[in-house]
Amino acid sequence: MKPSDLHNRCSTAFAFAEKQLRRLITTHPDFFPMYTVNGKWKHEGEAWTNWCEGFLAGQLWLLYGHNKNDWWRAQAEHYSRLLEHRKHDRNVHDLGFLFFSTWKRWFDLTGEEEINQVVIAAGRTLALRFQEQGKYLCSFVAPESLFIDIMMNVGIIFYAAQQTHDEKLWRIANEHCLTTRKYLVRGDGSVAHEGIFDRNTGEFLRQSTHQGWRDDSSWARGLAWALYGFGTAYSFTHDARYLQTAEACANFYIERTPSHGIPPNDWDEPHPKMPYESSAAAIAAGGMWNLAKLTSDATHARRYRDYALRILASLTSSEFLAMDTPGWEGILKHGIYHWRKNLGVDESVMWGDYFFLEALAKVESGFVDG
Ligand code: GLY
């Protein structure tokens, strides 16, 4: 696809996102949905865990960044304020998702120290999940459980450490990344969703999964979290091991995914019922765009950049963008939250919409930067 065509598609997708999000927040004020059911956000479906609230406010910040319209800014600030108390939330491992997509964006815009302190407090709270015995931040499931997803959240601890010069925080973030790399990332660049440890000794016991096909298989979103998250860890630390890990994950994604760039829920599942997990693709697009900037190898950079654009060309087509689907309330179709629990299967998911807009915003700024 020609760059000018993709540019036009980005503008169309942002205009559509404005329409969908305006309707959501005016029809259901102060409601934080997670996934649609038959394309509708409001339903009684289970959450499993409350990790998504930042993605709505985050999209409002992305829209404000795009259109600079004060109404969107007021909405973004309002929805961010509704989350502030979560900076002390010790029940989830998702404080990076909650605060990097919201209060950190707000701080980047204003430089106001009060706002920064909220982000730092969230980073400190997340660090309290650290298990000295196994050297990892434990998942919400149990102290003996390490999730690959936490690679997307550990950045807020690096950030808090950097802002406060707190060496203990820095060590925790670094050790978490090294443990994840050692036990969850495999030699072929695929990743396990979960690692189980002996709580008393810290010994690693086995790989496991909740949302993938099997314990030893390759859940696509988990890999996308790793691809993006290890890139973020590298951007804080400049530790070459993290860049190498992020690239290994990106290469696995590229090798195992059909040419349209959208993976199934799990690459190893034979004959999956649903061909697509679009949210993994949106995350991977943003992660690869970042990698293209992080790597100093021009050939690798070109490969990741082109692949990110390929994903976005698919996601902005009518197969995925819900524009031509009457009554559909999300932005991106064909996401999957939790197929075993039958939650949000072949639906829009809040994080899919968020990372889609984030990737579009990155590419749009690339058009401006050249
Ligand atoms: N719980 C994070 C995810 O579903 O990816």
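The values are calculated or read from the model by the stated rules, or taken from the named source; none is laboratory data. Since this is a predicted model, take the numbers as computed values, not measurements. Please note: Cβ atoms are built from the backbone with ideal geometry, for glycine as well, and neighbour counts cover all protein chains shown.
Rundown of residues vs (1) more than 24 Å from Asp5 (Cα to Cα); (2) in contact (Cβ under 8 Å) with a residue 12 or more places away in the chain; (3) aromatic (Phe, Trp, Tyr), yes/no style:
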| residue | (1), (2), (3) |
| --- | --- |
| Ala248 | yes, yes, no |
| Phe252 | yes, yes, yes |
| Ile262 | no, yes, no |
| Ser278 | no, yes, no |
| Met288 | no, yes, no |
| Ser296 | yes, no, no |
| Leu309 | no, yes, no |
- Task: Return the residue satisfying two criteria in turn: it lies in the stretch 77-105 and is assigned to a loop (DSSP other than H, G, I, E, B) and of a type in the set (A, V, I, L, M, F, W, C), and of such residues it is nearest to Ile150 (Cα to Cα).
- Result: Val92
- In the list Glu18, Glu46, which residue meets the criterion of being of a type in the set (Asp, Glu), under 21 Å from the mean Cα position of the chain (by Cα) and more than 24 Å from Trp339 (Cα to Cα)? Glu18
- Task: Within the stretch 200-208, identify whether any single residue is away from the ligand (no atom under 16 Å from the Cβ), part of a helix (DSSP H, G or I) and without any contact (Cβ under 8 Å) to a residue 40 or more places away in the chain, and answer yes or no.
- Result: no
- Query: Say we look at the stretch 335-366 and pick out the residues that are of a type in the set (Ser, Thr, Tyr) and in contact (Cβ under 8 Å) with a residue 60 or more places away in the chain; which of these is nearest to Lys273 (Cα to Cα)?
  - Reply: Tyr337
- Query: Being polar (S, T, N, Q) and within 16 Å of the ligand (Cβ to nearest atom), is that true of even one residue in the stretch 105-126?
  - Reply: no
- Message: Yes or no: the stretch 229-236 includes at least one residue that is among the β-branched types (Val, Ile, Thr) and in contact with a Phe, Trp or Tyr (Cβ under 7 Å, 6 or more places away or on another chain).
- Response: no
- Message: Filter the stretch 16-49 down to the residues that are aliphatic (A, V, I, L, M) and assigned to a loop (DSSP other than H, G, I, E, B) and list them by number.
- Response: Met34, Ala47
- Message: Tally up the residues in the stretch 146-180 that are within 24 Å of Arg105 (Cα to Cα) and of a type outside the set (A, V, I, L, M, F, W, C), please.
- Response: 10
- Message: Among the listed residues Lys2, Lys68, Lys42, identify the single one that is modelled with pLDDT of 95 or more and charged (D, E, K, R).
- Response: Lys68
- Message: I need every pair where a residue in the stretch 173-196 that is among the basic types (Lys, Arg) has its Cβ under 7 Å from the Cβ of a residue that is surrounded by fewer than 19 Cβ atoms within 10 Å (Cβ to Cβ), sequence separation at least 6 or different chains.
- Response: Arg181/Arg241
- Task: State which residue is nearest to Ser218 (Cα to Cα) when the search covers only the stretch 139-167 and only residues that are more than 16 Å from the ligand (Cβ to nearest atom) and assigned to a loop (DSSP other than H, G, I, E, B).
- Result: Glu144
- Message: Only one of Arg86, Arg124 is more than 22 Å from Phe355 (Cβ to Cβ) and modelled with pLDDT of 95 or more. Can you tell me which?
- Response: Arg124
- Task: Considering each residue of the stretch 156-181, count those that are out of contact with any Gly (no Cβ under 9 Å at 6 or more places or on another chain) and under 18 Å from Thr245 (Cβ atoms), and give that number.
- Result: 5
- Task: Please enumerate the residues belonging to the stretch 323-334 that are assigned to a helix (DSSP H, G or I) and in contact (Cβ under 8 Å) with a residue 60 or more places away in the chain.
- Result: Met323
- Message: Looking only at residues that are in a loop (DSSP other than H, G, I, E, B) and touching a residue at least 24 places away in the same chain (Cβ under 8 Å) in the stretch 50-76, which one is farthest from the ligand (Cβ to nearest atom)?
- Response: Asn50
